[in-house]
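None of the figures in this text is laboratory data; all of them are computed from the coordinates on show. Since the structure is predicted, the reported quantities are computational estimates derived from the model, not experimental observations. Cβ placement follows ideal geometry from the backbone for every residue including glycine, while neighbour counts extend to all protein chains displayed.
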Amino acid sequence: MSKSNCSRPHVVIVGCGFGGLAATRALADVDVDITIIDRVNHHTFQPLLYQVATAGLNPSDIAQPIRNIVRKQANARVLLDEVVGVDLDAKTVTSKSDTLGYDYLVLATGATHSYFGNDAWAPLAPGLKTIDDALDIRRRILLAFERAEATDDPAERIRLMTFVIVGAGPTGVELAGAVKEIATKTLRRDFRSIDTSTSRVVLVEAAPRVLGTFPPKLSASAERQLVKLGIEVVTSTPVTDIDAHGVTTENGSISAATVLWGAGVAASPIGREVTTETDRAGRVPVTAELTVDDHPNVFVIGDLAAARSHGEPVPGVAPAAQQGGRHAARCIEADLAGATRPTFVSIDGTSPAAATRRPLVEVATSKWSPNAGTGRGDAVSDSGPAASITARAADIRSAQLWKRRSGAFSSAFPTTASNLAGSSGRTEVSRGGSSDRCA
Ligand SMILES: Cc1cc2nc3c(=O)[nH]c(=O)nc-3n(C[C@H](O)[C@H](O)[C@H](O)COP(=O)(O)OP(=O)(O)OC[C@H]3O[C@@H](n4cnc5c(N)ncnc54)[C@H](O)[C@@H]3O)c2cc1C
């Protein structure tokens, strides 16, 4: 077992997404040693994954090497590894290659896709959570158009130019908008035999309305906007099967070469290492301090936590994860100072009502707006295109700011713990990203 070879309290942070990174930074001036363990070598700005999936941005635009981000933080070290177990009594975490002791543990491993028990659908209908997912989706979309251009078979051409998105939550709605946009605008002039703007984009939802967790008025507005963009919205229609030909629903089948998954999200399985009582989404119930019951030195934050603030569930959004990370750091600091720990309060902007993931369909399509990324969005209104475009521009600006603040501009060509297996274990960060429109 590896031990932290120092006398200071050892804080192990598992996962360096929004929550883990915020915790790390907030502990920069605290008298502790930090070990960050992540299974990938980069921090990902997930809100812009759509732009990578639809070839609008490169991976290196939204990913930054973790090692690089914390290079000036003397009390932090980084391990590229995948955590597979936690022993609360022994105070250890076990990764694929080691076991590490901790004084404080911060679990921030986020969420993943859920196929509701139909795991065989995963390779047929990828979801969007990581850079690898985004590149896989990009490759599928672009290859479908290439094959449609090459074929002489009209039926096959229609199948190749049909895209089905399963699930009309925020992810599905944004994906549908993004795919339609790439077909109608980005690629429109690039092909000779096909008119990409005639592509079918079908959004299939089991529930009676899109964005089912939002107020009905917003759902109705989003559906109208989707339809206006030319997206076929099919509600009250559960998908019963997905295969190489397309999807089968309770109301018939749709022949499609590309099926994308936006239907289910489940918390990281690491949560089950610290409790047997996860909620339906696999999230860990936490105390008002964001700790696991009876283990005040084990924090669970971000998408992995079923946290509450002001009696309301804290939503799975980036600001809430960051607040959780900073809160864990403040608690550790308070312990070391012999002070009382603060109670977690999710501040304005992350209440369920206020902090939705800006799911309106324009969010997915606004990157091609002349104003996107320039800060010159239309006047902000409460809803509708102007607000969404401004929101996406803000996202792009915050990604840029995030890169600048991290103090480095080197590209993070994604590296994962698993693709290093068998190598010396050194993390190689190669320069340069893939180019736009490369499948
Ligand atoms: C496509 C998409 C769009 C989104 N858009 C928005 C938006 O517009 N606004 C918004 O606020 N939120 C948005 N979100 C949600 C937001 O990104 C999440 O709420 C946020 O990332 C949660 O942060 P986290 O730290 O809990 O987890 P994450 O940021 O997911 O980080 C988890 C980290 O843990 C690592 N990890 C996982 N398992 C292990 C393991 N076993 N061992 C080691 N490392 C591990 C992962 O590699 C990752 O680095 C979006 C999410 C997605 C997927």
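Here are a few things to note about the model shown:
- Listed from fewest to most Cβ neighbours within 10 Å, the set SER199, SER253 follows the order SER253, SER199.
- Neighbour counting of Cβ atoms within 10 Å sorts the residues LEU160, LEU290, fewest neighbours leading, into LEU160, LEU290.
- Highest-first packing order for the peptide set 227-235, 122-130 is 122-130, 227-235, based on the mean count of other beta carbon atoms within 10 Å.
- In this rough spin-label picture, where each label sits 7 Å from Cα along the Cβ direction, the HIS245-ARG77 distance is 5.7 nm.
- DSSP-assigned coil residues among trypsin sites (Lys or Arg not before Pro) in region 40-80, each with at most 12 further Cβ atoms within 10 Å: LYS72
- Fewest-first sequence of VAL30, VAL247, VAL345 by Cβ atoms within 10 Å of each Cβ: VAL345, VAL30, VAL247
- For ASN251, net neighbour charge (Lys/Arg +1, Asp/Glu -1) across residues whose Cβ lies under 14 Å away: -4
- Calculated FRET efficiency for the pair ALA207/ASP89, C-beta based, R₀ 41 Å, to 0.05: 0.45
- Order by protection proxy (mean Cβ within 10 Å, highest first), peptides 302-308, 187-193: 302-308, 187-193
- Whole-angstrom gap from region 122-142 to region 64-88, using each part's C-alpha centre: 26
- Local electrostatic count at THR278 - Lys and Arg +1, Asp and Glu -1, tallied over other residues with Cβ under 13 Å: -2
- Cα extents of region 119-262 along the three principal axes, largest first (Å): 44, 32, 32
- Burial order of peptide ranges 13-26, 134-147, 275-288 (average beta-carbon count within 10 Å, highest first): 13-26, 134-147, 275-288
- Cross-link pairs LYS129/LYS217; LYS72/LYS96; LYS129/LYS180 - those with Cα-Cα distance over 22 Å: LYS129/LYS217; LYS72/LYS96
- Taking label points 7 Å from Cα along the Cα-to-Cβ direction, GLU149 and SER255 give a separation of 2.3 nm.
- Measuring between their Cα centroids, region 316-348 and region 30-54 lie 19 Å from each other.
- For LYS91, the aspartates and glutamates whose Cα falls under 15 Å of its own Cα, not counting residues fewer than eight places away in the same chain, are ASP103, GLU273, ASP293, ASP294.
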